[in-house]
Amino acid sequence: MPSQDSRPTITIPGTTSHTIAPRTGRSSREGTLRYLKAGRGAPLVLLHTVRTQAEHYRHLIPLVSDHYTVYALDLPGMGYSEIVPGASYDEPAMRAGVKRLLTELDLHDATLVGESMGAVLALTTAADLPERVRRVVAVNTYDFRDGIARSSLLARFVVSGVLAPGVGPVIAGVEPKPAMRTILKGGLGDKSALRPDYLDELLHVGRRRGYPTVARAVYQALPSLIAARSRYTEVKAPIHLVYGEKDWSRPSDRQANKQLLPAADFAQVPKAGHFIALERPDILADLLNSVA
């Protein structure tokens, strides 16, 4: 891994850490990707949310690793994947990172599970690689206006500041622990699901050299996630749409995707928020294990 990377402060039992090097002859904007691997069986690819990393699935991985070989990816520039100066973090660029995982590891019959931003990428990757994808589980798709700004007044203030010209880079580089805790808890029905060690790990990653630039670029690229909805109908694999009852999406947002994908299975998790993988991993595990 590049020297700018450090080690995570938490570990997931049964997982090993691996990397995928940039492809030779490709643009220098393509960096090393890190992923966690565990279990046995058909491949299950886990794609995390905005501002998190592979450890977002720390509670889900042990529940499904008897049925699947799990690959939990750090999306480009996030977690411990390489930060490449000048790289793009719009939806097509992040999707390219997911496709690298599937193609470089030659995965077939894969189930793609994504939450939030990861849900959008799971769907668009499945549209691009139908021959490799068996099923898509899209949890709380992040394809609507405002997104995390709906978490709280504080979240709206922080996101607006990060996007502002001039001061944006400065604000992106300052992540007070109380503010981060408040914003993340705004995505949870059960506030206790945000474990202190996980919060510390996210802040640890946020101190990586160049990470504030990545964080700002990801927020700037959020409109590309909304635009990516146009790709959903190209997916050939079975789709499961899962929403938390208290997700940031509005009922109209969810209904729009139900209408766009009438053949998709649809489920709503009572009392859960945006981060179902943190507060109700058992629900996702039951779904995944039942179709393994």
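The values are calculated or read from the model by the stated rules, or taken from the named source; none is laboratory data. Computed from a predicted structure; not experimentally measured. No Cβ is skipped: glycine too gets one built from the backbone with ideal geometry, and neighbour counts run over all protein chains shown. Side chains included, ligands, DNA and RNA excluded: accessible areas come from the protein's heavy atoms. Shrake-Rupley method; radii C 1.70, N 1.55, O 1.52, S 1.80 Å.
Give me the net charge for the shell around Pro281: Cβ to Cβ below 14 angstrom, other residues only, Lys and Arg +1, Asp and Glu -1. If you can, show how the numbers build up before the last one.
On the way: positive: Arg58, Arg195, Arg280; negative: Glu55, Glu115, Asp190, Glu279, Asp282, Asp286.
That works out to -3.
Can you give the FRET efficiency for Ala267 and Thr11, using 1/(1 + (r/R0)^6), R0 = 35 Å, r = Cβ-Cβ distance, to the nearest 0.05?
Approximately 0.70, to the nearest 0.05.
Check every DSSP H run in the chain and write down those whose alpha carbon atoms cover 18 angstrom or more along the long axis and whose mean Kyte-Doolittle hydropathy is -0.5 or greater.
The answer, listed by residue number, is 91-104.
Each label point is 7 Å from the Cα along the Cα-to-Cβ direction; what then is the distance between the points at Ile226 and Ala292, in nm?
Result for the modelled spin labels: 4.0 nm.
Enumerate by residue number the trypsin sites (Lys or Arg not before Pro) in the range 214-246 meeting two conditions: DSSP loop (anything except H, G, I, E, B), and at most 12 other Cβ atoms within 10 Å of the site's Cβ.
Lys236
On full extension of the chain, what length is gained from His204 through Lys177, given 0.36 nm per residue of separation minus the C-alpha to C-alpha distance?
Full-extension gain reported as 8.7 nm.
Per residue, how much accessible surface does the range 188-264 expose to a 1.4 Å probe? Answer in Å², no decimals.
So the range 188-264 comes to 48 Å² accessible per residue, rounded to a whole number.
Using modelled backbone amide H atoms (1.01 Å from N, in-plane), which distant-in-sequence or interchain residues come within less than 5 Å of Gly273's amide H?
Residues meeting the criterion, in which the H sits 1.01 Å from N, are Gly189, Asp190, Lys246.
Which value, in Å², gives the accessible area per residue of the range 59-155 when a 1.4 Å probe is used on the protein heavy atoms?
Result: 27 Å² of accessible area for each residue.
Can you give the relative contact order of the chain as a percent, counting alpha carbon pairs under 8 Å and 6+ residues apart?
20
Give the label of the value calculated from the structure for Kirkwood radius over Cα pairs in Å, choosing from [x] 19.6; [y] 21.7; [z] 18.8.
[z]
Got a number for carbon plus sulfur as a percent of the chain's accessible area, 1.4 Å probe?
Ligands and nucleic acids excluded, carbon and sulfur reach 53 percent.
With a point put 7 Å past each Cα toward its Cβ, work out how far Asp190 is from Arg145 in nm, to one decimal.
3.4
To the nearest 0.05, what FRET efficiency results for Gln259 and Asp197 with a Förster distance of 41 Å applied to their C-beta separation? Write out the running numbers ahead of the final one.
Details: r = 41 Å, r/R0 = 0.99.
Once rounded, the FRET efficiency stands at 0.50.
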